[in-house]
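Colleague: Here it is, the structure, as structure tokens.
Each reported figure results from applying straightforward, stated rules to the coordinates on display, with no laboratory input. Keep in mind that this is a model prediction, so the values were computed, not measured. As a convention, Cβ positions derive from the backbone with ideal geometry for all residues, glycine included, and neighbour counts pool all protein chains shown.
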Amino acid sequence: MKAKDIALIIEEFAPLGTQEPWDNSGFCIGSPEQEIKGVMIGFDCTPELIEAAVAVGANMVITHHPLIFAGVKKINPDTFIGKCITLAITNGVVIYSVHTNADKAEGGVTALMALRLGLQNIEPLDETSLALVGTLPSPVEPQELSTFVKKAFGVERLRSSRLIEEPVSRVAVCAGSGSSFIPQAMEAGAQLFITGDLSYHHYFCSEGFVVMDIGHYESERDIVDKLYEILSKKIPTFAIHTFLNNNNNPIFYF
């Protein structure tokens, strides 16, 4: 099976043409024509992920985040990106990513956030479908809100603005860095907006509105299992692996 055949299966779920203009999803290293012996799926492209792929005989790595966003002027194996590129080329490993096209796909990254919360009557916040809004099955009291969200996403901590006084029923979500959708979330009547990478000033919220930052990685990590599920159903006899150290979040909490 060629790399392009595996990519086509992924793109049935998340068409490459739907990625955002600034994104760099798709093939990053290697040829679409390369014969593939096995696939390793991970969240970020790291040296450890490529080494794990090589160890099990997989010569295609599929990640959520692209390895290369901007131009690379030098390839130095002493740097993070340089080491990844060197390892991939030296070992003949194809690198492919599915990023914002997976964020906005039906059943994609942001939809998986909504699923964890059990949101109903879900609608996109704008034409990109990168952020969604819906209604909880039953309202959550303010004093229970942080516990509810932490349990839903399996996180031990989160950052939140001041809680509101009334029960929360309408919630907006955006995987990754979603601060730009705060105005749309408020306009859509959301009482709570859950995303990652919020900065200090985002926590000064209007009355009746709360933001919660569960972390960039924490909001998107479900995509690894989703990609594994898609490929396993389509090519059940093919060698498909997920990186055992799925928790390669570069942010540590102490």
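Colleague: Failed condition for Ile214, given (1) touching a Phe, Trp or Tyr at 6+ places or on another chain (Cβ under 6 Å); (2) farther than 18 Å from Phe148 by Cβ, with all others met?
Modeller: (2)
Colleague: With respect to Ala55, is the statement that it is under 16 Å from Ile240 (Cβ atoms) and hydrophobic (A, V, I, L, M, F, W, C) true?
Modeller: Judged against the criteria, Ala55 is a match.
Colleague: Then there is this: Where residues in the stretch 107-129 are touching a Phe, Trp or Tyr at 6+ places or on another chain (Cβ under 8 Å) and surrounded by fewer than 22 Cβ atoms within 10 Å (Cβ to Cβ), which of them is nearest to Pro183 (Cα to Cα)?
Modeller: Asp126
Colleague: Still on this structure, please answer the following. Show the residue pairs meeting these rules: Cβ distance below 9 Å; 6+ apart or different chains; first residue within the stretch 200-224 and without any contact (Cβ under 8 Å) to a residue 60 or more places away in the chain and hydroxyl-bearing (Ser, Thr, Tyr); second residue surrounded by 15 or more Cβ atoms within 10 Å (Cβ to Cβ) and assigned to a loop (DSSP other than H, G, I, E, B).
Modeller: The qualifying pairs are Tyr203/Ser161.
Colleague: Every residue in the stretch 68-92 that is touching a strand residue (DSSP E or B) at 6+ places or on another chain (Cβ under 6 Å) and not small (Gly, Ala, Ser), please.
Modeller: Correct list: Ile68 only.
Colleague: Please state which of the following conditions Asp197 fails to meet, knowing it meets all the rest: (1) touching a residue at least 24 places away in the same chain (Cβ under 8 Å); (2) within 17 Å of the chain's Cα centre (by Cα).
Modeller: Single failed check for Asp197: (1).
Colleague: Does Gly107 qualify as being at positive phi and more than 14 Å from the chain's Cα centre (by Cα)?
Modeller: no
Colleague: Select from the stretch 15-34 the residues that are among the charged types (D, E, K, R), in contact (Cβ under 8 Å) with a residue 60 or more places away in the chain and under 25 Å from Asn59 (Cβ atoms) and list them in ascending order.
Modeller: Passing the criteria: only Asp23.
Colleague: Please count how many residues of the stretch 188-228 are in a loop (DSSP other than H, G, I, E, B) and either touching a helix residue (DSSP H, G or I) at 6+ places or on another chain (Cβ under 6 Å) or surrounded by fewer than 19 Cβ atoms within 10 Å (Cβ to Cβ) (or both).
Modeller: Residues in the stretch 188-228 being in a loop (DSSP other than H, G, I, E, B) and either touching a helix residue (DSSP H, G or I) at 6+ places or on another chain (Cβ under 6 Å) or surrounded by fewer than 19 Cβ atoms within 10 Å (Cβ to Cβ) (or both): 11 in total.
Colleague: Which members of the stretch 154-183 meet the condition of being crowded, with 20+ Cβ neighbours inside 10 Å, part of a helix (DSSP H, G or I) and out of contact with any His (no Cβ under 7 Å at 6 or more places or on another chain)?
Modeller: Correct list: Phe181 only.
Colleague: Quick one: count up the residues across the stretch 1-37 that are touching a helix residue (DSSP H, G or I) at 6+ places or on another chain (Cβ under 6 Å), outside any helix (DSSP H, G or I) and of a type in the set (A, V, I, L, M).
Modeller: Residues meeting the conditions: 3.
Colleague: Right, something else. Within the stretch 47-58, can you find the residues that are touching a residue at least 24 places away in the same chain (Cβ under 8 Å), out of contact with any helix residue (DSSP H, G or I) (no Cβ under 7 Å at 6 or more places or on another chain) and not charged (D, E, K, R)?
Modeller: Those that are touching a residue at least 24 places away in the same chain (Cβ under 8 Å), out of contact with any helix residue (DSSP H, G or I) (no Cβ under 7 Å at 6 or more places or on another chain) and not charged (D, E, K, R): Leu49, Ala52, Ala53, Val54, Val56, Gly57, Ala58.
Colleague: Find the residue count for the stretch 126-149, including only residues that are free of Cβ contacts under 8 Å to residues at least 24 places away in the same chain and assigned to a helix (DSSP H, G or I).
Modeller: 4
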